[in-house]
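Scroll down for the structure; my scribbles are underneath it.
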Amino acid sequence: MISRPRFSASSTSSPPVGGPLSASSASSPPPGSSVTAPAVLCAGLGYSFPGHRAIVEVSLEIPAGAFVAVVGPNGAGKSTLMKLCCGFLAPEAGVVEVHGAPPARIPDSERGSVLGYLPQSVVSHFPFTCREIVEMGRPARRAAPGGYEMSTDQSVQGSVAGAAWRGAGATGALAAAPPTAPEAKRLLPRRGTYPTDQLSALGVAHLASRPFPQVSLGEQRLVLIAKMLAQDPDVLLLDEPNGALDLAHSLAVMSLLSQRARSGRTVVAVLHDLNLALAHCSHVALMQCGSIKYFGPPSGLPDSRLLEQVYCVDFATVSHPRTGSPVLIPSLKPPE
Amino acid sequence: MRLRLTTICLALAAACALALLAYVCLGASVLGPVDVLLGRLSREESLLVTGFRLKRGLLALSVGGALALSGAAFQALLRNPLADPFVVGVSGGAAIGGTLVMVFFASLLPFLSPFVSSVAVFAGAFVAAVLFAALLYKMSMARGVLVTNSLLLMGVVFNFFASAVVLFLKTILQGTKLQEILFWLMGSLAVETLPDGVILLALLSLAGGLFVLTAVGRRVNLVSVSEEFSHGTGVSPERTKRVLFLTASALVAIAVSVSGFVGFVGLIVPHAVRLAVGSDHRQLFPVSTLAGGLFLLLADLASRLSGPFLGTSLPVGALTAFVGGPIFIAMLARAQRRGETV
């Protein structure tokens, strides 16, 4: 449909690769070997604000098709890492590469389809409607006649996707049952479908004509995620996508994001809910004081003492009565 | 949506043409619109039309359009709905430059024709505006990023400094020269000593600026929401910010050097247009330009017609503030009552 000769991502999702902090060379791969190239590569990354080192020697290699949760206490450098990965901030040390190219060097015409970044907060002073916000995610070149599918079965598609998130909310389970491969393909909004589809996929189609600054913070989050889905980049960088979201929407967002990851996109999301990370993500990156303390599959986290050290909180691990997967129950450490 | 934009623009353009015809016909001596259109005028009448009324009407259109357009652009750049064309210090620079040249000519070269001094004031104001805009722009850059908050603050502070300089320069002038500078600072569309080329320049630069800004309208939308948001959507904010600043500053520099500080047009018109057509800058820019031109044309017509009754010619800048202020407050109050974000 849309040829992307320079930054094409592999559409086959690679299996989650474990192992903390796999070291790799920062050299860009030769053309044609994009299957092995990491979607996001950080090597020796450093960044500081005046009087504060925010990111210290971060090295990460995120494979294409991964769904990475970036977790850690407040001020650990999660947001700064996201801004470095999307190229909004320029690293002081080390390199960042997204599909083999430094994000700041990718030309504007291509960056929108290579990577998308959802900031932690977006405050608009101008009363754009929610539909206009979602439409902003659609690069101009895709709006060219013929290059843009105006779906005739909008309502059908919307309702199917809507049912998906309602289902996810209704089960109340932390892990929504993963859809089968053909089902996932059907649920996934087609690349570049009409903005209303993206809004209804998140159950907020009724917001379309309301001014963005007037809807609630959680609804703003959903609209911004809908904009990200409309943009449909290869690498999605989301800073607290489910901040201010209720349970049902939070689960729906997680399941939409894992669908994206299964279809070959790479998702990196800052999360504060460790159980969501355990249930939905293929990798967890645990940050503290600007560096990565753990990077690997979520299964390795609950048993280690790392979480308690990093968060200064006691964790009890129980297994979910229905799925059997580990669930963390945090409690404050008793004062000594 | 596209049809709606075209309809609104055509309607506004037609309104501008009608208002221009009324502007040319009305005044101390009233001319018939048919006679004006067919050119059935006596020599004095046609001199009045081409040498004064048409010239001044076109100037009003271009200045009003430029101020409204640059106001909309600065509001988007600074992400502040209260920004207006005079907020970033370009205008302060123009005031210093224009006043300096005026003082220089009045005290050292009083024998020169008013025509020459008028062009010199225009040129001085324009050059100073561009210089100070470049200086403030340079000073607001940090790590290759234009920090819009410091641009706004520096602009406001610089304007205070500029008005102090102008106040001092005014003490040097006396009599008619002092009144001339007062009128210029208040905003006036006096064209008697202005060559046609300047008006043509104002019109052409407005057309160019409108083309450039509307062409980057989609990018401006993103930047007006937030720079991070824009970057995350694949649009580097810096280039768009530079285009916004340069284009809007050039438009303001020309408008201010020609007609001084015509207040409120650049603040109110984008607001009113935003209430009517929404925030999409691809629509906001062209509609604001036309609406701003129409607004200033009508305001100047009112100021010209009220002259004989008041016994003095009311500067159009005072009139726009006088009329625009209450209208704006009423509009805000109405939007607030209906729970709209302005």
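The values are calculated or read from the model by the stated rules, or taken from the named source; none is laboratory data. No experiment lies behind these values; they were computed from the predicted model shown. Positions of Cβ are generated from backbone atoms using ideal geometry, with glycine treated the same way; all protein chains shown enter the neighbour counts.
Of note:
- Those residues of the range B:227-262 which are farther than 18 Å from residue B:136 by Cα and of a type in the set (Gly, Ala, Ser), in sequence order: B:230, B:232, B:234, B:236, B:255, B:257, B:259, B:260
- The residue that is modelled with the lowest pLDDT, among those in the range B:187-206 that are assigned to a loop (DSSP other than H, G, I, E, B), among the hydrophobic types (A, V, I, L, M, F, W, C) and within 17 Å of residue B:296 (Cα to Cα), is B:191.
- All conditions in (1) modelled with pLDDT of 50 or more; (2) away from every other protein chain (no Cβ under 11 Å) hold for residue A:166, with the sole exception of (1).
- In the range A:89-137, residue surrounded by the most Cβ atoms within 10 Å (Cβ to Cβ) [restricted to those that are β-branched (Val, Ile, Thr) and closer than 21 Å to residue A:46 by Cα]: A:98
- Where residue A:77 falls short, out of the listed (1) within 11 Å of another protein chain (Cβ to nearest Cβ); (2) out of contact with any Asp or Glu (no Cβ under 9 Å at 6 or more places or on another chain): (1)
- Residue in the range A:200-220 that is within 21 Å of residue A:113 (Cα to Cα), in contact (Cβ under 8 Å) with a residue 40 or more places away in the chain and in contact with a Cys (Cβ under 8 Å, 6 or more places away or on another chain) present: no
- Among (1) free of Cβ contacts under 8 Å to residues at least 60 places away in the same chain; (2) in a helix (DSSP H, G or I); (3) within 14 Å of chain A (Cβ to nearest Cβ), the one test that residue B:224 misses: (1)
- Tally, over the range B:284-304, of residues that are among the polar types (S, T, N, Q) and within 14 Å of chain A (Cβ to nearest Cβ): 1
- Considered as a group, the residues in the range B:62-91 that are assigned to a helix (DSSP H, G or I) and among the β-branched types (Val, Ile, Thr) include one that is farthest from the other protein chains (Cβ to nearest Cβ), and that residue is B:63.
- Complete set of residues in the range B:228-283 that are among the β-branched types (Val, Ile, Thr), surrounded by fewer than 24 Cβ atoms within 10 Å (Cβ to Cβ) and more than 14 Å from chain A (Cβ to nearest Cβ): B:247
- Qualifying residue in the range A:306-326 (condition: of a type outside the set (S, T, N, Q), in a helix (DSSP H, G or I) and within 16 Å of the chain's Cα centre (by Cα)): no
- Residue B:212 meets each of the listed conditions (1) among the β-branched types (Val, Ile, Thr); (2) surrounded by fewer than 22 Cβ atoms within 10 Å (Cβ to Cβ); (3) modelled with pLDDT under 90 apart from (3).
- Residue match in the range A:88-107 (condition: facing chain B (nearest Cβ under 10 Å) and either among the small types (Gly, Ala, Ser) or under 21 Å from residue A:257 (Cα atoms) (or both)): yes
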